[in-house]
1. If a residue has to be assigned to a helix (DSSP H, G or I), touching a residue at least 12 places away in the same chain (Cβ under 8 Å), within 16 Å of the ligand (Cβ to nearest atom) and surrounded by fewer than 17 Cβ atoms within 10 Å (Cβ to Cβ) to count, how many in the range 131-169 make the cut?
2. It is to be established whether one or more residues within the range 157-168 are modelled with pLDDT of 95 or more and closer than 30 Å to K82 by Cβ.
3. So A48 passes all but one of these: (1) at pLDDT 95 or above; (2) farther than 21 Å from F163 by Cα. Which condition number does it fail?
4. M1 is checked against (1) buried (at least 19 other Cβ atoms within 10 Å of the Cβ); (2) over 25 Å from A167 (Cβ atoms); (3) in contact with a helix residue (DSSP H, G or I) (Cβ under 6 Å, 6 or more places away or on another chain) and fails just one. What number does that condition carry?
5. List the number of the failed condition for D68; all other conditions in (1) farther than 17 Å from K121 by Cα; (2) touching a residue at least 24 places away in the same chain (Cβ under 8 Å); (3) open to solvent by 60 Å² or more (accessible area, probe 1.4 Å) hold.
6. Looking at the range 112-127, which of the residues that are touching a helix residue (DSSP H, G or I) at 6+ places or on another chain (Cβ under 8 Å) and open to solvent by less than 60 Å² (accessible area, probe 1.4 Å) is farthest from the ligand (Cβ to nearest atom)?
7. Give me the residue from the range 84-111 that is crowded, with 16+ Cβ neighbours inside 10 Å and of a type in the set (V, I, T) and, out of that set, farthest from the ligand (Cβ to nearest atom).
8. Answer with yes or no whether R118 is charged (D, E, K, R), in a loop (DSSP other than H, G, I, E, B) and at pLDDT 95 or above.
Amino acid sequence: MSTLPIITLPDPLLRKASDPVEQVDAELLKLADDMLETMYDAPGVGLAAIQVGVPKRLIVLDVADEDDQPNPLTLFNPEILKIDGNETRVHEEGCLSIPDFRLEIERPARLVVGYIDRQGKPQELAADGLLATALQHEIDHLNGKLIIDFLSRLQRDMVVRKFKKAAREAPA
Ligand code: NI
């Protein structure tokens, strides 16, 4: 396994909608493993393939507490099948593609996600708590959506400008 470079704002790829995975093959499983290593190394609790520059519908997550056993999840073609109830959950979210930025976001608290597993089999996952939040955050990435989209247009433009300026000033 190896770690992969994570693309950051304002890379336009982050706004691209990712393509469905046709078949889970060795190459995609290797990508998933490298994404997990990249995520643990960062560290973060979730990563979408587009964040390493690959526009495929693939996400990896691990929301286990530091004291618990790791619980790596690999989901191909994840989609929200059902929002379970009206309850919401507020969480201060960060994003590995938007370094040093955090934002409180309110999302549905419980949901069911359908996906294809590492063996190529369709599965369903019922989630609440941090996993529910992280799944929605990562699935947003597959649709080109970022946490700054929860800001007003004015606030969002300010954040984007800051990252554009930092990118211009970064040593080549
Ligand atoms: Ni993110």
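1. Here is the first cut: in the range 131-169, the residues assigned to a helix (DSSP H, G or I) are 131-142, 147-150, 153-169.
From what is left, the residues that are touching a residue at least 12 places away in the same chain (Cβ under 8 Å) are 131-139, 141-142, 147-148, 150, 159-160, 163-164, 167.
Then keep just the ones that are within 16 Å of the ligand (Cβ to nearest atom); that gives 131-139, 141-142, 147-148, 150, 159-160, 163.
Right, trim to surrounded by fewer than 17 Cβ atoms within 10 Å (Cβ to Cβ) and you get 150, 160.
Matching residues across the range 131-169 total 2.
2. no
3. All conditions pass for A48, except number (2).
4. (1)
5. (2)
6. Taking the range 112-127 as the starting set, the residues that turn out to be touching a helix residue (DSSP H, G or I) at 6+ places or on another chain (Cβ under 8 Å) are 113, 118, 125, 127.
Pick out the ones that are also open to solvent by less than 60 Å² (accessible area, probe 1.4 Å) and you get 113, 125, 127.
Values: V113: 16, L125: 19, A127: 17 Å.
Of everything passing the filter in the range 112-127, L125 is farthest from the ligand (Cβ to nearest atom).
7. Among residues in the range 84-111 that are crowded, with 16+ Cβ neighbours inside 10 Å and of a type in the set (V, I, T), the one farthest from the ligand (Cβ to nearest atom) is I105.
8. Working: charged (D, E, K, R): yes; in a loop (DSSP other than H, G, I, E, B): yes; at pLDDT 95 or above: yes.
Yes: the conditions hold for R118.
The values are calculated or read from the model by the stated rules, or taken from the named source; none is laboratory data. Keep in mind that what you see is a predicted model, and the values were worked out from it rather than measured. Here Cβ is always computed from backbone atoms with ideal geometry, including for glycine, and neighbour counts include all displayed protein chains. We work out accessible area using only protein heavy atoms, side chains counted, and drop any ligands, DNA or RNA first. Shrake-Rupley method; radii C 1.70, N 1.55, O 1.52, S 1.80 Å.
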